[in-house]
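Chemist: What follows is a structure written as structure tokens; I'll ask about it next.
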Ligand code: SRM
Ligand SMILES: Cc1cc2nc3c(=O)[nH]c(=O)nc-3n(C[C@H](O)[C@H](O)[C@H](O)COP(=O)(O)OP(=O)(O)OC[C@H]3O[C@@H](n4cnc5c(N)ncnc54)[C@H](O)[C@@H]3O)c2cc1C
Ligand code: SF4
Ligand code: FES
């Protein structure tokens, strides 16, 4: 045989992918392509970008294909199987093998008037050009269909400046991908874009009247007067050529193929949307690409078969995140609904809740790439955590598909990283991952980090060591100054990262007053002035109120001090009182009065113990089973002044009703009938996390001893600015390992941890009293070295609600409404 | 030049603010090697006069101070913000005469230098 002739019908997305693949795998084929459209293949998935000004050329997928004859604008009209030839209006093309890649056509329901001028479908560049021309100078459009395609079309009409109405037959939007709750949340997002939605509604008749259109519906009395109508209600495979020449087609359309993409005629293959793979049509590009590769492999002599398809979808509407992946239904589901933020998420799980089967996300699709890649494996993290931070570490197996557009697994990507890809661009070139819809790009970034594109633990450019390593060095060498440490173990002069970190280590290891000698220069401004710097250059003052318990006399002192120095006062979230707006030179005077009244520093400025909150407990509460107030005060006094990698917070509740919110704290204590439960590793803040139970029903002595060790182990080994929650998570073996170390003393370090804490408790002294007693330290509390008594003239206040605020504050409150809803779990 | 204080009054590795006769606020830094730098005390990102309270150090050998508010880092020599090419602090003349620190009300170096962009740091901020 001199040459093998291959005919391809259709130059769409899948046809083009097939051409690329066959040219690469077996260039000996002589290929003829019959293409109905006037232009070579283009990116239909990004079709809507055409309305954003992306040109037809930019959407083009045309590539150099040696030996391929593409006949644009020449549709196939018939297949003569006996003669093995495809016919067009211009000629006849003999073939040895034939590939059908005719895609599908928009489905237009049999509605009277659907052929009128002003009625469109949404499939080709020509369709969009016609819609655009019609929309010129008009106001209103109707989209029939509230699925993926319909929403995309509706958004396009909106961008063309039309008032847009969606008419959907199903009871909710995207009914094929979302459940009713998800559809409801989506609807609110769509309506917020200014698009009207009518569900459970179908068009019954279209008529033209004075240049406009009228669509009647199945709903009594509901009709739409409009300028144009777009049908986006689904697609039907273009199987006519096959049907007419006797090749088997499916009941609901589509050319039936086996997993080799072979039709009932062994010389004819079908790929893409026209194929009914084992009876199933796929309306997405990814399975089509896989089919293209399968057929190219077969024609090159291979044995490839279709491995099944990932039907995950993500809506590309600007501003509305919707995604669905894996199974729609399953034995178990966990859902999350935040109506105020418009977030709905649902994960479908196996009956033992161990395997993720699928799910849907509306309003926040950030976790989509991670979740999609996790289908078939364990759930990668708590749903709420996934939604609050997209960056949960992915412990994905190598086989997990990361890019489903191009069927690239984590293994492929890790391989490419090891071969030298160091950024997303390189990964795209090497693996094709990320070149389709782009939704996997965040995952690629994570995998780069995971795959040795080094994530450094060094503190900063001056120390290659981690904080934990520096801690050990200081402890072992007994170094007491930063300059000695950097001279021996680091480079350069230090910076705002390593200096406070080292200052904190020196303080944790009992280095005396934090403003002594050289240490003073290391401190962040908050620690330097023992107060919190505010946005206008003033400071806040927070005296310690252990356990939140305070006498009326002390309350009066706070009131008097605030009044006399013109300070704004506020009850904090930590059960104490904050006084804001203090000038540097007033800080010592303020503290003189506070210290005289028996107050101490509250360390609100330090990476140190903040507060131990309490509930009233047995003292007053009819439910209390333990004295939570006394315990909170004892703990707060024991750990006050303790410097740590990040701030430390605690709370004690008198019974399981948990009014002190102890489980949201770094260490939380809850009273039980038999003693105390200890929880560790909780926090609020940016990524809230509940603390985990470390010990149950222990007596006070065991409780305190365990907390001592927990804190000292954390201080010795955590990273800079790593809170206890992240630290516990980072321990290999997690909380169980932690228990082994600090309860069972597996590492034999408990004596040392106990000694460190004993030394802290013994050497604690109030920092503010230390300043007031030292004229040299007091000297620094001035606004200006050359004018010690002059306040900073740039600081101005204004009065709002009877108190002083930095001037200009009230303006800022115009920045828009605040959403008050809190996530509500179902 | 205006005298502001005795040299010994300045803490090594730390800054202090001075108020000049014309109302200008200057941040004066004494480094551990006793070198001196004087820059505007006004943090350009917030408008607060707090630069003297920042932590000094170096980035790639260039002496720096970090704003105590939002932690952007500035070169002590040129005033350039190393985290934002479009921002800089004014730099003032400073000298020690007979143990007294004097600063010049004249801006010695100002605004932006056409230097190559600083190398990128991605760091966690508090
Ligand atoms: C005053 C107060 C708000 C209030 O008016 O109630 C407050 C104010 C500040 N918080 Fe807070 N937080 C306050 C309670 C909280 C709480 C609630 C609590 O403690 O029960 C939380 C969540 C619980 C938690 O921390 O786990 C909280 C989570 C944060 C975070 C986020 C921490 C995180 O891990 O994500 C920061 C940022 C940080 O520390 O890096 C922060 C940082 C800050 C800073 C220090 C910001 C700063 O660096 O300037 C605020 C300045 C305080 C000041 O006096 O100038 N604040 N902050 C509360 C002081 C409590 C106290 O008496 O000490
Ligand atoms: C607006 C829009 C958005 C979409 N978004 C997504 C998305 O986000 N993700 C996703 O996976 N999928 C999406 N799709 C679907 C995706 O575009 C299709 O799955 C994909 O294009 C199918 O490729 P295909 O080659 O099978 O069909 P097509 O791309 O339709 O190509 C078929 C080609 O064959 C030609 N043809 C038909 N009959 C003949 C004939 N007799 N002779 C010659 N030529 C013929 C057609 O003119 C056409 O050019 C979207 C589709 C649209 C319309
Ligand atoms: S929530 Fe934010 S703004 Fe409010 S006090 Fe805490 S840190 Fe400041
Ligand atoms: S998943 Fe679409 S590009 Fe990777």
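All of the numbers you see were taken from the coordinates with simple rules; none came from a lab. These numbers were taken from a predicted model, which means no experiment stands behind them. Backbone-built Cβ (ideal geometry, glycine too); neighbour counts: all protein chains shown.
Chemist: Report the gain in length on full extension from residue A:469 to residue A:24: 0.36 nm times residue separation, minus Cα-Cα distance, nm rounded to one decimal.
Modeler: Extending this stretch completely gives an extra 154.9 nm.
Chemist: To the nearest 0.05, what FRET efficiency results for residue A:236 and residue A:209 with a Förster distance of 35 Å applied to their C-beta separation? All intermediate terms of the calculation are to be shown ahead of the outcome.
Modeler: Values: r = 30 Å, r/R0 = 0.86.
Efficiency, rounded to the nearest 0.05: 0.70.
Chemist: From Cα coordinates alone, what are the radius of gyration and Dmax values for segment A:430-520 in angstrom?
Modeler: Calculated on Cα positions, Rg and Dmax stand at 19.2, 60 Å.
Chemist: Also: Relative to the compact globular guide of 2.2 N^0.38 Å, what is the alpha carbon radius of gyration of segment B:47-97, as a ratio?
Modeler: Working: Rg = 11.0 Å, N = 51, 2.2 N^0.38 = 9.8 Å.
Working it through for segment B:47-97, the quotient is 1.12.
Chemist: Using Cα pairs under 8 angstrom and six or more residues apart, how large is the relative contact order of segment A:681-761, in percent?
Modeler: 31 percent
Chemist: Can you give the relative contact order of segment B:2-112 as a percent, counting alpha carbon pairs under 8 Å and 6+ residues apart?
Modeler: Taking the mean separation of contacting Cα pairs over the length of segment B:2-112, I get 24 percent.
Chemist: So, one more: Per the Kirkwood treatment, what hydrodynamic radius in Å, one decimal, follows for segment A:566-672 from the mean inverse distance over all distinct Cα pairs?
Modeler: This gives a value of 15.0 Å.
Chemist: For chain A, what does the helix formula give at 222 nm: sum of -39500 (n - 2.57) over DSSP H segments with n ≥ 4, over the residue count, nearest 500 deg cm²/dmol? Can you show the working numbers first?
Modeler: Details: 27 runs with 249 residues, N = 826.
Mean residue ellipticity, 222 nm, calculated: -8500 deg cm²/dmol.
Chemist: Cα axis of helix A:700-717 to longest principal axis of chain A: angle in degrees, 0 to 90, nearest 10?
Modeler: 60 degrees
Chemist: What is the Cα coordinate range of segment A:32-141 on the first, second and third principal axes, sorted by size from largest, in whole angstrom?
Modeler: 53, 37, 21
Chemist: A further question follows. Expected output is a single nm value to one decimal: the length gained when fully extending between residue A:747 and residue A:572, i.e. 0.36 nm times separation in residues minus the C-alpha distance. What is it?
Modeler: In short, 59.0 nm is gained.
Chemist: Taking the C-alpha atoms of segment A:502-647, how large are the radius of gyration and the largest Cα-Cα span, Dmax, in Å?
Modeler: Cα radius of gyration and Dmax of segment A:502-647 are 16.1, 53 Å respectively.
Chemist: Here's a follow-up. Relative to the longest principal axis of the C-alpha atoms of chain A, give the angle of the C-alpha long axis of helix A:441-450, reported between 0 and 90° and rounded to the nearest 10°.
Modeler: Once rounded, one gets 50 degrees.
Chemist: Still on this structure: On a full-extension model of 0.36 nm per residue, what is the gain between residue A:398 and residue A:773, subtracting their alpha-carbon distance, rounded to one decimal in nm?
Modeler: That pair, residue A:398 and residue A:773, stretches by 128.7 nm at full extension.
Chemist: What is the calculated FRET efficiency for residue A:77 to residue A:350, with r their C-beta to C-beta distance and R₀ = 60 Å, to the nearest 0.05? Provide the component values of the computation, followed by the final result.
Modeler: Numbers: r = 51 Å, r/R0 = 0.84.
My answer for the efficiency is 0.75.
Chemist: Sticking with this one: Report Rg(Cα)/(2.2 N^0.38 Å) for segment A:214-329, keeping two decimals.
Modeler: Taking the Cα Rg and dividing by 2.2 N^0.38 Å, one obtains 1.39.
Chemist: In addition: Take the Cα gyration tensor of segment A:196-274, multiply each eigenvalue by 5, square-root it, and list the three semi-axes largest first, rounded to whole angstrom.
Modeler: Sorted largest first and rounded, they come to 40, 13, 11 Å.
Chemist: Taking each pair of distinct Cα atoms in the protein assembly as shown once, what is the resulting Kirkwood hydrodynamic radius in Å? If you can, show how the numbers build up before the last one.
Modeler: Details: mean 1/r = 0.0302 Å⁻¹.
Every distinct Cα pair counted, the radius reaches 33.1 Å.
Chemist: Take every Cα-Cα distance within segment A:702-753, group them into 5 Å bins from 0 onward, and report for each bin the whole-number percent of pairs it holds.
Modeler: Spelled out bin by bin, segment A:702-753 gives 5, 21, 34, 27, 13, 1 percent.
Chemist: Say a paramagnetic label sat at a point 7 Å from the Cα of residue B:21, along Cα to Cβ; which residues of segment A:775-800 have their backbone N under 11 Å from it?
Modeler: Answer for segment A:775-800: none.
Chemist: For segment A:437-577, take the alpha-carbon Rg, divide it by the Kirkwood Rh, and send me Rg/Rh.
Modeler: On the way: Rg = 21.3 Å, Rh = 18.8 Å.
Ratio of gyration radius to Kirkwood radius: 1.13.
Chemist: I would also like to ask the following. With bins 5 Å wide starting at 0, give me the P(r) of segment A:275-351 over every alpha carbon pair, in whole percents.
Modeler: With 5 Å bins starting at 0, P(r) equals 3, 12, 16, 16, 15, 13, 10, 7, 5, 2, 1, 0.
Chemist: Apply 1/(1 + (r/R0)^6) to the Cβ-Cβ distance of residue A:790 and residue A:758, taking R0 = 45 Å, and write down the FRET efficiency to the nearest 0.05.
Modeler: 0.45
Chemist: Something else about it: Given a cut-off of under 8 Å on Cα pairs at least six residues apart, what relative contact order in percent is computed for chain A?
Modeler: Dividing the mean separation by the residue count of chain A yields 7 percent.
Chemist: Looking at segment A:132-200 from every direction and averaging, what is the projected area of its Cα convex hull in nm²? Working shown, then result.
Modeler: On the way: hull surface 16.2 nm².
If I average the Cα hull's projected area over directions, I get 4.1 nm².
Chemist: With only alpha-carbon atoms in the gyration tensor, what are the semi-axes of the equivalent ellipsoid for segment B:12-76, in Å, largest first?
Modeler: They are 18, 15, 8 Å, listed from largest to smallest.
Chemist: Here is a follow-up. Hey, could you pull the Cα Rg and Dmax for segment A:596-654, both in Å?
Modeler: For segment A:596-654, the Cα-based Rg and Dmax read 13.0, 39 Å.
Chemist: Please report, to two decimal places, log10 I(q)/I(0) for segment B:2-112 at q = 0.13, 0.18 Å⁻¹ as given by the Debye formula with identical point scatterers on the Cα atoms and no solvent.
Modeler: Scattering profile of segment B:2-112, log10 relative to I(0): -0.41, -0.80.
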